[in-house]
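Here's the structure, in structure tokens; my notes come after.
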Amino acid sequence: MNARVYLDYNATAPARSEVREAVHAALRLRGNPSSVHEEGRRARALVELSRGKVAALVGADPKNVIFTGGGTEANVTALSPLNVNPDAPGDVVCFMSEIEHPSVLAGGRFEARAIRLIGATSDGLIDAAALERAIAAHCAKSAEAGFMVSLMRANNETGALQPVRKIGQIVREYGGILHCDAIQAAGKIALDINELGAHMLSLSGHKIGAPQGVGALILGPGMATLPAPLLTGGGQEFRARSGTENVAGIAGFGAAAECVANGLGAMAALASLRDRLEADISARAPDAVFFAKNTARLPNTANFAVPGMKAETIVIALDLAGVAVSAGSSCSSGKVERSHVLVAMQAREDVARGAIRVSLGWDTGEDEIDTFLAAWCGIYEAFENRRRAA
């Protein structure tokens, strides 16, 4: 059997050898990081070493890194009215775009009535002007209550880079709290929580090649207090997240953070591979639609569709040909459904239902692109033959 081609890095990035070695070394430790004996101190030292590496990835202070059980938990911990106004949480609202990840759109600990959805442009960006108008209207009615904005740095489906810094300036002008879901951006573009102006920032380990089941919520400038804990009872992670730390996962997270920080220089070459893929698809299928192509995107992400082709058919056919890609987000229990992101971008239904996401990574090369293109072109040719015969 030929080696498979993996082009689904936005779902989960494969672990490098450095990450596997870090996890294996951590599994050889015997101590609980909360124990005071030598074994416990060794485990604690490894956790703190990794905390520093994760902090360095986003320009944060290590003491502001709170390890969680993953990106979803980090988002839910951030999304609480208690983090804005603990004295009157029932009056706090949360603004978010219609293109956010499902873990943000679910609202965290905000009640449904407190969620304010903001539309997106056809390029896949939050409508910043609409957001500012909504914030101004809210503050005019209830200046004392406070508000939060949750905005991703990069869209997980299209790769479109959101104007977080601009939104951060608006949020601070009106006295709110900004949470940035940077899960998809980490390791692909430079990130600095201070430059972005975010009060809180979420990361997920497995998106950068760490094991699944570890993430972090990172506090930025202006976040004067720790977030209200989602998990209580033990007091770990500065009393912001109870439960014995996942030492092996955290060690892998730290190693992965170090790897991707050192690998940012390779992203330009990855963007060239992505651009070549898109150019070849466009030459073969002139009616192909490439989403968010006219705005700044992650260098590794291509999301496209041909009208009439069905995403589920393409994904399955590519899988049979030995190529792994996704249709939309990979966080929906394996279902292939019309993307809420593309709906928010006003994509036609027949186009939105056919969109696939190709996401490249650290071991993607010309050969992998060639294999994908050969497989996809075969699927497209069969589709074209059926369309001409109909």
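The values are calculated or read from the model by the stated rules, or taken from the named source; none is laboratory data. Since this is a predicted model, take the numbers as computed values, not measurements. Glycine also receives a Cβ, built like all others from the backbone with ideal geometry; neighbour counts cover every protein chain displayed.
Values as computed for the structure displayed
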{"quantity": "Yes/no for GLY124 being outside any helix (DSSP H, G or I), crowded, with 24+ Cβ neighbours inside 10 Å and either assigned by TED's automatic domain parsing to the domain that holds SER202 or in contact with a His (Cβ under 6 Å, 6 or more places away or on another chain) (or both)", "calculated": "yes"}
{"quantity": "Any hit, segment 180-188, residues being out of contact with any strand residue (DSSP E or B) (no Cβ under 8 Å at 6 or more places or on another chain), on the phi < 0 side of the Ramachandran plot and either among the charged types (D, E, K, R) or modelled with pLDDT of 95 or more (or both)", "calculated": "no"}
{"quantity": "Evaluation of GLY361 against (1) assigned to a helix (DSSP H, G or I); (2) surrounded by 18 or more Cβ atoms within 10 Å (Cβ to Cβ); (3) out of contact with any Ser or Thr (no Cβ under 9 Å at 6 or more places or on another chain) (one fails), failing number", "calculated": "(1)"}
{"quantity": "When residues of segment 84-121 are limited to those that are among the aliphatic types (A, V, I, L, M), part of a loop (DSSP other than H, G, I, E, B) and over 20 Å from the mean Cα position of the chain (by Cα), the one farthest from CYS180 (Cα to Cα)", "calculated": "ALA88"}
{"quantity": "Any hit, segment 41-53, residues being farther than 30 Å from ASP363 by Cα, surrounded by 15 or more Cβ atoms within 10 Å (Cβ to Cβ) and touching a Pro at 6+ places or on another chain (Cβ under 8 Å)", "calculated": "yes"}
{"quantity": "Of residues in segment 174-197 being of a type in the set (D, E, K, R) and more than 18 Å from ASN83 (Cα to Cα), the one farthest from the chain's Cα centre (by Cα)", "calculated": "GLU195"}
{"quantity": "Residue in segment 349-366 that is more than 20 Å from ALA324 (Cβ to Cβ), at pLDDT 95 or above and outside the structural domain of ILE189 (by TED's automatic domain parsing) present", "calculated": "no"}
